[in-house]
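**Student:** One structure, pasted below without further comment.
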Amino acid sequence: MKSTPLTEIHIALNAKMAEFAGYNMPISYSGIKEEHHQVRQSVGVFDVSHMGEFTVKGPKALELLQHISSNDVSALIDGQAQYTCMPNDKGGIIDDMIIYRKSAEDFLLVVNAANIEKDWNWIQKHNHAQATLENISDVIALLAVQGPNAIKVIQKGTSIDLNQIPYYHFIQGNLWNIDNIIISNTGYTGSGGFELYIPKDHAVTIWNALMEAGKEFNILPIGLAARDTLRLEKGFCLYGNDIDDTTNPIEAGLGWITKLNKEDFVGKSFAAKLKEAGIAKKLVGLKLLDKGIARQGYEVCDEQGNTIGKVTSGAQTPSLEYPIAMAYIDKPYFKTDSNVYVKIREKLILAKVVKMPFLS
């Protein structure tokens, strides 16, 4: 297994460690519930240095990105980020990612850890524009400082006015006397906060500075298990669960990042056909009305027990008093307020189709 620059710190903190996307990662420290509530109510720090980062540069950088991305990269201005997906040529999704525009000829792509090699090969294959590509995943550490008090913690280490960084924007500057750190207001928890892209050799310094600066807010390290429950409450897709090589962005509710009015891009024809003909299945939220946890892969059924869908993510999340799930469900059952059933240990558990996010 690979390590992040902070792996030894996690082990020293007695974190529960496990393999994730080829990395030895912290799953939890003090417990999922405590970590989840800490982020919702105050501030926590995630080590997500396993994520991948590619640079795309040169006069043809935009041309390449427009070709491989479902969203309209030309709409970005300097200092702005954009959520998008990278469709394949069969209607599915290679990966979802964030594109950062530093300048007209300098972009940063942030991709999922499990997909680094696949994404890199795909982008190289489609680089007919001959943009300059570099995989910098192994030299960048990434910390996500999340929660309503995150801004107060990070502000102690920089003269940059963090209040001036709008959502899905970023600034590159000095943090605790270390230069060239990207401070990004994106986030995967729905609780506010920033992501810090740090030269790998300075990761421990920044981690320790954050923990010291956050003492008054009872800052905690947060593991990937709480990251999953936090994102699920907000209805954020997780690659490998809710989206993958077989799911279309339109079916996944990602039509808002699929810009069919721009020039041709990989997978555009599949999305356009679905948009025109209508979808036969859709990713929806489920609120379980009886006891039981809907896990990934569980069948969703109608009242007679016929299979009409499949659960992609599910949990009893700490912020809610009932279990929730995301699932692909066939038409017409995916309509909001429809009653469906999740098959759990051969029992049909009543659930209702609800709008996401589960937690506003």
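The values are calculated or read from the model by the stated rules, or taken from the named source; none is laboratory data. Note that the structure is predicted; figures quoted are calculated from it, not measured. A quick note on method: Cβ atoms are made from the backbone with ideal geometry, for glycine too, and the neighbour counts reach across all protein chains shown.
**Student:** Would you call Ile182 assigned to a strand (DSSP E or B), more than 17 Å from Met326 (Cβ to Cβ), touching a Pro at 6+ places or on another chain (Cβ under 9 Å) and modelled with pLDDT of 95 or more?
**Tutor:** So Ile182 does not fit the description; no.
**Student:** Right, next: Out of the stretch 240-298, which residues are under 16 Å from Met86 (Cα atoms), of a type in the set (Gly, Ala, Ser) and in a helix (DSSP H, G or I)?
**Tutor:** Answer for the stretch 240-298, where residues must be under 16 Å from Met86 (Cα atoms), of a type in the set (Gly, Ala, Ser) and in a helix (DSSP H, G or I): Gly255, Ser269, Ala271, Ala272.
**Student:** In addition: Tally the residues that are of a type in the set (Asp, Glu) and either in the same structural domain as Pro323 (by TED's automatic domain parsing) or touching a Leu at 6+ places or on another chain (Cβ under 7 Å) (or both), restricting the search to the stretch 229-262.
**Tutor:** Adding up the residues that qualify gives 3.
**Student:** If you don't mind, there's one more thing I want to ask. So which residues in the stretch 160-217 are farther than 23 Å from Gly52 by Cα and among the aromatic types (Phe, Trp, Tyr)?
**Tutor:** Once the filter is applied, which keeps residues that are farther than 23 Å from Gly52 by Cα and among the aromatic types (Phe, Trp, Tyr), the stretch 160-217 yields Trp176, Phe217.
**Student:** I'd like the full set of residues that are within 20 Å of Gly92 (Cβ to Cβ), in contact with a Lys or Arg (Cβ under 9 Å, 6 or more places away or on another chain) and of a type in the set (A, V, I, L, M, F, W, C), limited to the stretch 212-265.
**Tutor:** Cys237, Leu238, Ile250, Ala252, Leu260, Phe265
**Student:** I'd like to check something: does the stretch 77-99 contain any residue that is of a type in the set (A, V, I, L, M), surrounded by fewer than 18 Cβ atoms within 10 Å (Cβ to Cβ) and at pLDDT 95 or above?
**Tutor:** Scanning the stretch 77-99 turns up at least one residue that is of a type in the set (A, V, I, L, M), surrounded by fewer than 18 Cβ atoms within 10 Å (Cβ to Cβ) and at pLDDT 95 or above.
**Student:** Residue under question is Gly173, and the condition is that it be among the small types (Gly, Ala, Ser) and surrounded by fewer than 17 Cβ atoms within 10 Å (Cβ to Cβ); does it hold? Steps first, please.
**Tutor:** Details: among the small types (Gly, Ala, Ser): yes; surrounded by fewer than 17 Cβ atoms within 10 Å (Cβ to Cβ): yes.
Yes.
**Student:** Additional query: Kindly provide the set of residues from the stretch 130-159 that are β-branched (Val, Ile, Thr), closer than 17 Å to Glu53 by Cα and either part of a strand (DSSP E or B) or in contact with a His (Cβ under 7 Å, 6 or more places away or on another chain) (or both), ordered by number.
**Tutor:** Restricting attention to the stretch 130-159, the residues satisfying the condition of being β-branched (Val, Ile, Thr) are 132, 136, 139-140, 145, 151, 153-154, 158.
Next cut, closer than 17 Å to Glu53 by Cα only: 132, 136, 139-140.
Residues satisfying the conditions are Thr132, Ile140.
**Student:** Please determine whether any residue of the stretch 278-300 is modelled with pLDDT of 95 or more, surrounded by 15 or more Cβ atoms within 10 Å (Cβ to Cβ) and among the hydroxyl-bearing types (Ser, Thr, Tyr).
**Tutor:** Yes, the stretch 278-300 contains at least one residue that is modelled with pLDDT of 95 or more, surrounded by 15 or more Cβ atoms within 10 Å (Cβ to Cβ) and among the hydroxyl-bearing types (Ser, Thr, Tyr).
**Student:** While we're on this one: Residues in the stretch 196-209: is at least one closer than 24 Å to Thr84 by Cα, in contact with a Leu (Cβ under 7 Å, 6 or more places away or on another chain) and of a type outside the set (Val, Ile, Thr)?
**Tutor:** So far as the stretch 196-209 goes, yes, one or more of its residues are closer than 24 Å to Thr84 by Cα, in contact with a Leu (Cβ under 7 Å, 6 or more places away or on another chain) and of a type outside the set (Val, Ile, Thr).
**Student:** If you don't mind, another one. Please indicate, with yes or no, whether at least one residue in the stretch 17-25 is farther than 23 Å from Lys118 by Cα, touching a helix residue (DSSP H, G or I) at 6+ places or on another chain (Cβ under 9 Å) and touching a residue at least 12 places away in the same chain (Cβ under 8 Å). Please lay out each step first, then the result.
**Tutor:** Let us first name the residues in the stretch 17-25 that are farther than 23 Å from Lys118 by Cα, namely 17.
Next, only the ones that are touching a helix residue (DSSP H, G or I) at 6+ places or on another chain (Cβ under 9 Å) stay: 17.
From the residues that got through so far, the ones that are touching a residue at least 12 places away in the same chain (Cβ under 8 Å) too are none.
No.
**Student:** Given the criteria of a type outside the set (Lys, Arg), without any contact (Cβ under 8 Å) to a residue 12 or more places away in the chain, out of contact with any Phe, Trp or Tyr (no Cβ under 8 Å at 6 or more places or on another chain) and on the phi < 0 side of the Ramachandran plot, does Gln155 qualify?
**Tutor:** Here the answer is yes, as Gln155 does meet what is asked.
**Student:** Being over 27 Å from Asp245 (Cβ atoms) and not in a strand (DSSP E or B) is the filter; apply it to the stretch 306-331 and report the residue that is modelled with the lowest pLDDT.
**Tutor:** Top of the filtered list is Glu321.
**Student:** What is the one condition in (1) hydrophobic (A, V, I, L, M, F, W, C); (2) at positive phi; (3) without any contact (Cβ under 8 Å) to a residue 24 or more places away in the chain that Trp256 does not satisfy?
**Tutor:** Result: Trp256 passes all but (2).
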